[in-house]
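I have placed the structure first, in the form of structure tokens, so that the comments after it can refer back to it.
Where a number appears in this text, it was derived from the coordinates with a stated rule and is not lab data. Bear in mind the structure is a predicted one, so any value in this text is a computation, not a measurement. As a convention, Cβ positions derive from the backbone with ideal geometry for all residues, glycine included, and neighbour counts pool all protein chains shown.
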Amino acid sequence: VSSFDFGGGVPLDRRQFLARCGVLGAGLTLAGGPLASLARAQDPAADLAKVAAAIMRALAHDTFAGLVAFAVPGNDMYSKAQGVTSPTPGGVDNRAHELIMESADYFAPLPDNYAQAMAAAFATSVSDSPLPAGALEALGLELEQQAVTLDRALQALLGNDGAVPLSLLFALTLNFEASAVNPASILGPIPTSPFANLAFADKAKVFERIERVDTDLIAALDSNLPEPLRNEISGLIKFVGGTLLEFAGYTAFTEFGTFDREKGVATSRPVGWEVSNYLPGRSTPVDGTADFIGYYKKHKAAAGRAPKYRAAKRKKKKVVKRRRKRRPTTKRRTRHA
Amino acid sequence: MPDVIVIGAGGGGPVAAKELAAHGLDVLLLEAGPHETDPENNWSRYENDANNPTTGYLRYGPGDRFNKPNWFRDLAQNSFLWQLSGVGGTTQHYYGNNPRALPGAFNDYDGADKDAYDVDHRFPFGYREFLPYYEWVEATLPVQTAAMGRKEQLFFEGAAGIGLPLNRYKDVTRTSFRPQENAILQPGGTAGKTTDSAKLTYPQARGCTFCGYCFQGCVQPRKAPRNLKAKRSTDNSYVPMALTADLWSKGGRAVKLVPDAYVTRILTEGAGDSLRAIGVQWRDTQTGARHTETAKIVVMAGGCTEDPRLWLNSGLPNPNGWVGRGYTDHFFDWLVGVFDKDTGNTRGVGSSARVDVPGRGGLENVGLPPALEGFAATLSESGIRGHYKNGRGMTGPWDGPAGRPMGLELKEMLSNIDRLLNVLVITDDDVEAQNRVVRSSLPPDENGPIPKVVFRPRRRSKRTLANREDLNALGVALLRKAGAKKVLRIDWAPLILHVQSSMRMGSDPRNSVLDEHAQARAVKGLYIADNAALANGIGGPNPTLTTQALATRTAEHILVTHFAGDRFVGRGAPVSSIADSVTKAVLARGIT
């Protein structure tokens, strides 16, 4: 990861980048907590990683909650924030966002590979597309001080070899794009995630940008990548964009929300099962069903070969058989005669 | 020193291993993943616990799934590569669909439609010559005509309703529909007739119990010996036979199986035309210890993505550049029919009905539980319905533009999972050099440089693209005739699941890696016995049976050519994996 000069504070465009990714918002939310404790800490540097982890985890949590609400809305705060709700439970109620985070972060080889590249890019990137005037001030942060702290926290986390949470990189991507779709999203009711603040249609626009590989984002990420990886990034972004949508569609319907990993069973009926009316009334898989009807038109055993392939084989055999039959008969007759 | 080392205990490796061992050879079978020896207790059959690509018990990674991460593979596009490690490989989650290839995929085909296939990449031998190998595997597994459940009944109504004839043969000679030829034991006793677990243990229940969990691994019927489990994944069929070959085959020897053994290098001696494989290096995925083993013959069977990786990581020659090229994936697409009546989507075998269209590919029904249904509905190259099309969003006889439903539309669609009927579009796709495996430029993992899989879905050949469109139209007609009130076309991004031909055999040395016996052209004594060896996408049918028949043919060739053995296919019937002699052997050896 390239070094970053903290000495002169955080340049304006870098602050905008942090705001776009949700980092400033997350810091604001937690300002009374980890940030404040950092200010009181005896050794601020030693606590930086802890603070970074807390802030970024909050950011990722809310960003993915916004994602699963997008995939399968419910009546939760994230569904309400996007303006599309449903009276029955949704992906958030199934803790689908937690499963995405857990799965992404356990995808450990990626941080060692892709993630190092993305982390390097995010740690130093800026955007050429400024936020509207006054947007940063509206966050209410004492920017000079807190932006420095937050930027250090982000860099501490991303610069930690082998321990970059992939969920954070995905969340940063979604939030960065969200602020491009609607810059006001950095000021919404969910300060930890611009993406989660977007209206449903705007969330779709985020994925439209990602799937067509937003050139601004690529430029922002690519500028810091080592040469062999530079050609990888557009494929990666496409992969990430698609995978997030597919994984959101998957996780919302799993048993994860009520699954006891130690016991290997769901402790109650999974939300995903309930909303899909799967195995009504059950929370465990079945050993069988009474779905066996029979065999279609009593077709229980396909013939070995189609006539085209059977006929040729038989013809040959018949010829051989005839010859074999005739010869002994003739001989016998001869003998009898 | 073993006679033969087989790398990979998935769909093909155990077939070659079993045949060679049954005929007296000393075989070492190395598998990178774990060997599950108590699936009844360890496989929960919950979707995420089974299928989560990072922590599922059917993932691609080392054993100890909660403490060791999965093996990451580099994908250069929106796509999903569905690999499985462990004994059984991808057959652990397959649906047991075992149709034969289309005759038009072979070099003896002279039908009127002979130009409708991938004519530049045919198999370097004839379909007629290959038929005895099909029959050998079909008897061994065994392959049986699928029983019908509700979703099959609907599919057949739709297929017959649009005028397709029923095919009663194992060979496909015309456009037609049929129950699948499945490597799944037909239901017997109480199987398929009850949901009461107490009545579904062996031997009261025999064969398929219609539980609906093919994709999560087959443990039914409970208490059945491992070789009598309903689904004939190789961990239930060929592997138990391989491990007991000394007991049921006169003159046979038991295969030595080593799980958690990741092969990192093929060892060779000589150079140029005399370059020869002499063994392998492998790494214990649990301890990290490295081992070397030599043998007279080495058989690669790690799969379409891993074979090229191992080849390239071993520094083996690639004179024509075709190592890893020509990857075919049947360029799947996905149709979802929404009904106002029960479809039985989540019940029974994953797929028991299909349509075959020579020269085009085919269709099959696919039943899914909710999370996989959610995944399948959102894997798209066409954006989000109603919002953006990602440069595609084709329109046609389906409802609205192609694309993924999200939000309320997705939720509404899945609100009653048993009122959906899915149709998988399986394209007869061309071998194309651009679709390939290369070594990723990302840093290596503990086993060496990782593979990168490159597919270009928008640049497929004209024939491939046209086939996919034709089949989609046919699938929609079928669904509507079956009673679907709404049909969604998802326009799947590459789901790399049916994998073929990345180390293809062929008659032309300029575009093939293997000769007509599946031996590497550039390295003597090195064979391939998995889907990578297939010459093409076999015309669209699911590839497992063809791979297993080809692995049998390859094993026979190895036996005759390198060990002075006799041909065995076509000279008497094989021992079935469910024969009493095998069951006795499995029980005697304590294989579970």
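Amide H contacts of B:V425 (H built 1.01 Å from N, in plane; Pro and chain starts excluded): B:D333, B:W334, B:L335 sit under 5 Å, all sequence-distant by 5 or more or on other chains. Note on the protein assembly as shown: Cα-only Rg and Dmax are 28.7, 124 Å. Antiparallel beta bridges, as assigned by DSSP with both residues in chain B, represent about 70 percent of the total such bridges. Derived scalar couplings between HN and Hα for segment A:61-76 equal 4, 6, 5, 6, 5, x, 6, 6, 5, 5, 6, 9, x, x, 10, 8 Hz in order, rounded to whole Hz, by the Karplus curve 6.51 cos²θ - 1.76 cosθ + 1.60 (θ = phi - 60°), x for Gly and Pro. Could you run the Karplus curve 6.51 cos²θ - 1.76 cosθ + 1.60 with θ = phi - 60° over segment B:255-260 and give me ³J(HN,Hα) per residue in whole Hz, x for Gly and Pro? Coupling constants for segment B:255-260: 5, 8, 9, 10, x, 6 Hz. Of the trypsin sites (Lys or Arg not before Pro) in segment B:247-304, the ones in a loop by DSSP (not H, G, I, E or B) with at most 16 other beta carbons within 10 Å are B:K250. For B:L29, the residues whose amide H sits under 5 Å from its own are B:V6, B:K256, B:L257, B:V258, ignoring neighbours fewer than 5 places away on the same chain, with H placed 1.01 Å from N.
Sorted ascending by nearby beta carbons within 10 Å, beginning with the fewest, B:M394, A:M101 become B:M394, A:M101.
State which entries of A:K80/A:K263; B:K462/B:K485; B:K231/B:K584 exceed 29 angstrom in Cα-Cα distance in the structure shown. Long pairs (Cα-Cα over 29 Å): A:K80/A:K263; B:K462/B:K485. Projected onto its three principal axes, the C-alpha set of segment B:468-522 covers 55, 19, 16 Å, listed from the longest axis down.
Which FRET efficiency value, to the nearest 0.05, is calculated for B:I162 and B:D342 with the Förster distance at 35 angstrom and r the Cβ-Cβ distance? Walk me through the intermediate numbers first.
Numbers: r = 22 Å, r/R0 = 0.62.
Working from the Cβ atoms, E equals 0.95.
Computed 3J(HN,Hα) for segment B:410-427, one whole-Hz value per residue from the Karplus formula 6.51 cos²θ - 1.76 cosθ + 1.60 where θ = phi - 60°, is 5, 5, 5, 4, 8, 5, 9, 4, 8, 10, 10, 10, 9, 10, 8, 8, 10, 7, glycine and proline marked x.
Relative to the longest principal axis of the Cα atoms of chain B, the long axis of helix B:580-589 makes an angle of roughly 70 degrees.
Counting other beta carbons within 10 Å of each residue's own, what order do B:K114, B:K199 fall into, fewest first?
On the way: B:K114 13, B:K199 17.
In increasing order of surrounding Cβ atoms, one gets B:K114, B:K199.
Take every DSSP beta bridge with both residues inside the protein assembly as shown and express the antiparallel ones as a percent of the total, to the nearest 5.
Details: 56 of 81 bridges.
Antiparallel: roughly 70 percent of the beta bridges in the protein assembly as shown.
How would you classify segment B:212-261 from its alpha-carbon gyration tensor, with a ≥ b ≥ c the square roots of the eigenvalues: rounded for a/c under 1.5, else prolate if a/b is greater than b/c, otherwise oblate? In terms of gyration-tensor shape, oblate.
What size of dipole, in debye to the nearest 20, comes out for segment B:70-177 about its Cα centre when the only charges are +1 on Lys and Arg C-beta atoms and -1 on Asp and Glu C-beta atoms?
Working: 10 positive and 13 negative charges, 81 e Å.
About 380 debye.
In this structure the amide hydrogen of A:I293, modeled in the peptide plane, comes within under 5 Å of the amide hydrogens of B:M148, B:G149, none closer than 5 places in sequence on its chain.
If you place +1 on the Cβ of every Lys and Arg and -1 on the Cβ of every Asp and Glu, how big does the dipole about the Cα centre of the protein assembly as shown come out, in debye to the nearest 20?
Values: 111 positive and 95 negative charges, 1439 e Å.
Its charge dipole is roughly 6920 debye.
Positive-end ranking of B:A112, B:G359, A:L244 along the dipole of the protein assembly as shown, with charges on Cβ about the Cα centre, is headed by B:A112. Translational diffusion coefficient, Stokes-Einstein: compute it for segment B:97-140 using the Kirkwood radius over C-alpha pairs as Rh, at 37 °C and 0.692 mPa s, and state it as an integer in µm² s⁻¹. So the translational diffusion coefficient is about 294 µm²/s.
To the nearest 20 debye, what charge dipole does segment B:136-198 have about its Cα centre, counting +1 at the Cβ of each Lys and Arg and -1 at the Cβ of each Asp and Glu? Numbers along the way, then the final one.
Numbers: 7 positive and 6 negative charges, 27 e Å.
It works out to roughly 140 debye.
Under the rule of -39500 (n - 2.57) per DSSP H run of 4 or more residues, summed and divided by the residues of the protein assembly as shown, what mean residue ellipticity at 222 nm is obtained, to the nearest 500 deg cm²/dmol?
Values: 31 runs with 328 residues, N = 929.
Mean residue ellipticity at 222 nm (helix-derived): -10500 deg cm²/dmol.
Quick check: the angle from helix B:462-482's long axis to the longest principal axis of chain B, C-alpha only, nearest 10 degrees? For B:462-482 against chain B, the angle is about 50 degrees. Using 0.36 nm per residue and subtracting the Cα-Cα separation, the extra length available between B:T294 and B:D108 on full extension is 63.1 nm. Within 10 Å of the Cβ of each residue in B:207-216, the mean number of Cβ atoms contributed by other protein chains is 4.
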